[in-house]
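A quick write-up on the structure given underneath.
The values are calculated or read from the model by the stated rules, or taken from the named source; none is laboratory data. Please read all numbers here as calculations on a predicted model, not as lab measurements. Positions of Cβ are backbone-derived with ideal geometry, glycine not excepted, and every protein chain shown enters the neighbour counts.
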């Protein structure tokens with residue numbers, strides 16, 4: 001969503017999962033016909049922090065995780081370099097809408113968002129959970145009465161938590177900050193998707209329809225990448241790359257490298273597109 005650095009220090013090291021496919025240097029390959037790039041020779045991707053196993057932001061414009069596997073393969077196969085635009089979640093969506101970047105990563109689908117950005121095929125399926133310290137006696141929403149629950153600004157769970165809690169949800173600009181707040185005791189719970197490695201001392205509790213006012217529609221979440229409404233050629237190119245990775249077996253290898261399996265994959269199908277353009 002002023003850019004912030006969200007993947008640094010010891011906490012980020014806990015998240016370091018290899019997910020890249022190939023290198024990020026240029027090779028002799030033609031750019032897809034009609035593809036508009038904000039920075040010629042570079043694929044500019046807006047990120048909103050390290051979110052294992054979905055994406056891992058590393059030094060020097062490097063990406064890991066499942067979305068990193070897609071973007072690294074894309075730049076490899078199209079003779080490009082990767083350039084990151086590190087920011088917060090709301091600002092990432094705005095940067096895509098304003099055409100400041102070529103793509104944004106890791107967005108769940110809502111009709112309101114689909115009015116402003118164009119969705120690619122999904123790349124990851126996660127189930128919402130609430131994380132607590134292992135020492136916390138979690139026994140459902142009732143055990144969180146009077147406690148502070150964190151999530152990230154702009155995430156689909158935020159309005160439900162704000163309505164459920166008399167004190168409101170504790171909203172953070174990125175996942176690293178939210179997890180650090182949980183580890184430090186500033187909050188007692190943290191809602192996000194299950195998956196990947198978590199810091200020692202945390203435990204994930206399954207959420208069910210009705211918990212904290214959540215409907216089923218926000219508990220099983222499919223992550224997509226997004227592009228500007230006038231740059232649907234970019235979405236088509238990313239879709240073609242993801243399709244190829246599934247066909248040649250590289251995607252399954254990336255899933256395994258990130259501690260995932262086929263059940264964490266999503267059907268290669270676009271959601272309902274609302275915005276128009278290119």
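Considering every residue within region 82-97, establish whether at least one is assigned to a strand (DSSP E or B) and in contact with a helix residue (DSSP H, G or I) (Cβ under 7 Å, 6 or more places away or on another chain). Checking region 82-97: at least one residue is assigned to a strand (DSSP E or B) and in contact with a helix residue (DSSP H, G or I) (Cβ under 7 Å, 6 or more places away or on another chain). The residues listed here are 65, 99, 104, 79; of these, the one that is assigned by TED's automatic domain parsing to the domain that holds residue 245 and farther than 22 Å from residue 251 by Cα is 99. Annotation: residue 230 fulfils all but one of (1) surrounded by 20 or more Cβ atoms within 10 Å (Cβ to Cβ); (2) within 29 Å of residue 271 (Cα to Cα); the unmet one is (1). Among the conditions (1) in a loop (DSSP other than H, G, I, E, B); (2) closer than 24 Å to residue 71 by Cβ; (3) out of contact with any strand residue (DSSP E or B) (no Cβ under 6 Å at 6 or more places or on another chain); (4) at pLDDT 90 or above, residue 196 misses just one, which is (4). Just one of the listed residues (242, 260, 252, 238) is part of a loop (DSSP other than H, G, I, E, B), surrounded by 13 or more Cβ atoms within 10 Å (Cβ to Cβ) and either under 19 Å from the mean Cα position of the chain (by Cα) or at positive phi (or both), and it is 260.
Check whether at least one residue in region 137-147 is surrounded by fewer than 18 Cβ atoms within 10 Å (Cβ to Cβ), within 17 Å of the chain's Cα centre (by Cα) and over 21 Å from residue 40 (Cα atoms), and report yes or no. Within region 137-147 (the criterion being surrounded by fewer than 18 Cβ atoms within 10 Å (Cβ to Cβ), within 17 Å of the chain's Cα centre (by Cα) and over 21 Å from residue 40 (Cα atoms)), the answer is no, since none of the residues qualifies.
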